[in-house]
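Note sheet for the following structure.
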Amino acid sequence: MSAKLKQLEDILRPVVEGLGYEFWGIEFRSHGHHSKLRVFIDDAENGIAIDDCEKVSRQVSGVMDVEDPIQAEYTLEVSSPGMDRPLFRLEQYEAFIGHKVQIKLRMAFEGRRKFLGLIKGVEGDDVVVVVDDHEYLLPFDSIEKANIVPVFE
């Protein structure tokens, strides 16, 4: 996790949790005047509705105005992680053992950057993924992006 993301998480996690929601994770994409801060919230019991996102957005916006950790213009977006939820922490991988996941690495590992398979587990700081009957131990720090792949039956 970058220092900027860590700083943003340290500021925003208490705000989200103080409102009674689970802080799922954040993404920050810096693109000049088109930067975007996306905050993911969850509520395992009740789910997330638009009112929940609005409530968190108002509080986060106020805290961001006071703390001012992002100097440039940006758009704030608050949403649920959805069915194709992104995974940000090792504990989230553990919670989704047996689920299909799509992973993109920062640099190639064994000749590839993209993996689509089942989460088998977590060993230390590695995520264990099974792709086509081959087991990979992917270092968590090398994962750029990971999303659960929804399965519709």
**Q.** Residues located in segment 105-120, provided they are open to solvent by less than 70 Å² (accessible area, probe 1.4 Å) and within 21 Å of PRO150 (Cβ to Cβ)
**A.** PHE115, GLY117, ILE119
Q) So how many residues does segment 127-148 have that are under 17 Å from the mean Cα position of the chain (by Cα) and open to solvent by 40 Å² or more (accessible area, probe 1.4 Å)? A) 5
Q. Filter segment 17-31 for residues that are in contact (Cβ under 8 Å) with a residue 12 or more places away in the chain and of a type in the set (Asp, Glu); which is least open to solvent (accessible area, probe 1.4 Å)?
A. GLU27
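Condition check ((1) hydroxyl-bearing (Ser, Thr, Tyr); (2) within 30 Å of HIS134 (Cβ to Cβ); (3) exposed (fewer than 13 other Cβ atoms within 10 Å of the Cβ); (4) out of contact with any Phe, Trp or Tyr (no Cβ under 7 Å at 6 or more places or on another chain)) across all residues:
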site: GLN7; (1), (2), (3), (4): no, no, no, yes
site: VAL15; (1), (2), (3), (4): no, no, no, yes
site: HIS33; (1), (2), (3), (4): no, no, yes, yes
site: ALA49; (1), (2), (3), (4): no, no, yes, yes
site: GLU54; (1), (2), (3), (4): no, no, yes, yes
site: VAL66; (1), (2), (3), (4): no, no, yes, yes
site: VAL101; (1), (2), (3), (4): no, yes, no, yes
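Looking only at segment 66-76, decide whether some residue is at pLDDT 95 or above and in contact with an Asp or Glu (Cβ under 9 Å, 6 or more places away or on another chain).
So the first thing to find is which residues in segment 66-76 are at pLDDT 95 or above, and the list is 76.
From the residues that got through so far, the ones that are in contact with an Asp or Glu (Cβ under 9 Å, 6 or more places away or on another chain) too are none.
Checked against the condition, which is being at pLDDT 95 or above and in contact with an Asp or Glu (Cβ under 9 Å, 6 or more places away or on another chain), segment 66-76 yields no hits at all.
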Q) Within segment 81-100, how many residues turn out to be under 13 Å from the mean Cα position of the chain (by Cα), farther than 23 Å from LYS6 by Cβ and of a type outside the set (D, E, K, R)? A) 2
Q: Give me a count of the residues in segment 68-83 that are open to solvent by 80 Å² or more (accessible area, probe 1.4 Å) and within 14 Å of TRP24 (Cα to Cα).
A: 1
(Q) Of everything in segment 3-32, what is on the phi > 0 side of the Ramachandran plot and either touching a helix residue (DSSP H, G or I) at 6+ places or on another chain (Cβ under 6 Å) or in a strand (DSSP E or B) (or both)? Give them in sequence order. (A) GLY25
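The values are calculated or read from the model by the stated rules, or taken from the named source; none is laboratory data. All values derive from a computational prediction rather than experimental measurement. Backbone-built Cβ (ideal geometry, glycine too); neighbour counts: all protein chains shown. Protein only, heavy atoms only, side chains kept; ligands, DNA and RNA dropped before computing areas. Shrake-Rupley method; radii C 1.70, N 1.55, O 1.52, S 1.80 Å.
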